[in-house]
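Reviewing the structure listed below.
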Amino acid sequence: MYTAIQTAHSIFAYIVLALLFFASLNAITGLTGKRLFKDKDLRLSLFALIVSHLQLLLGLILYFVSPKGVALLGNMEKSARLTSLEHPLINVIALVLITMGWSKHKKEESNNGKFKKIAVFYTIGLILILSRIPWLEWMS
């Protein structure tokens, strides 16, 4: 079970990163280009939100079944601290920010305001996620 969830979490991460990147880029170009916020912009942002939350769910399950998750929480070696504390905590914060961006964009009336909320919150969330990926373990 652990191996299947870890593999799914790793593969799904590529999809999440790609969708967040494209949603952020789309919002930034929409903001700078003074475009109308259309259905495709809404869908891209919504898919990025949904996939990010699904990845969080996979990550939380993995956190409790993995020998590198909650089991290493008291161990403060660098790699153990990354997988047991920093990666989950920062990614939860990133998901909160992405969710806030989605929620705030819905309350905006102007197209520029919608793009701005998505651009700011999704980009900060993406940067936070990228900062705490265990790259050495993920790429090996």
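The values are calculated or read from the model by the stated rules, or taken from the named source; none is laboratory data. Remember, it's a predicted structure, so these values are computed and weren't measured experimentally. Because the Cβ atoms are built from the backbone with ideal geometry, glycine has one as well, and the counts that use them run over all protein chains shown.
Have a look at Ala80, Ala71 and point out the one that is among the small types (Gly, Ala, Ser) and out of contact with any Ser or Thr (no Cβ under 9 Å at 6 or more places or on another chain). Outline the logic, then answer.
Values: Ala71 fails: out of contact with any Ser or Thr (no Cβ under 9 Å at 6 or more places or on another chain).
None of the other options fit; the residue is Ala80.
Scanning for something of a type in the set (Ser, Thr, Tyr) and within 16 Å of Pro134 (Cβ to Cβ), does the range 41-63 turn up at least one residue?
Yes, the conditions are met somewhere in the range 41-63.
Could you identify the single residue in Thr83, Thr99 that is β-branched (Val, Ile, Thr) and either closer than 20 Å to Leu19 by Cα or in contact with a Cys (Cβ under 7 Å, 6 or more places away or on another chain) (or both)?
Thr99
Would you mention how many residues in the range 4-54 are among the hydrophobic types (A, V, I, L, M, F, W, C) and over 18 Å from the mean Cα position of the chain (by Cα)?
4
Going by the conditions given, is Leu44 over 14 Å from Ala13 (Cα atoms) and modelled with pLDDT of 90 or more? Reasoning before the result, please.
Numbers: over 14 Å from Ala13 (Cα atoms): yes; modelled with pLDDT of 90 or more: yes.
Considered against the rule, which asks whether it is over 14 Å from Ala13 (Cα atoms) and modelled with pLDDT of 90 or more, Leu44 comes out as yes.
Does any residue in the range 84-112 that is touching a residue at least 40 places away in the same chain (Cβ under 8 Å) come within less than 6 Å, Cβ to Cβ, of a residue that is outside any helix (DSSP H, G or I) and crowded, with 16+ Cβ neighbours inside 10 Å six or more places away or on a different chain, and which pairs are these?
Correct list of pairs: Glu86/Arg132; His87/Arg132; Ile90/Arg132; Asn111/Phe37.
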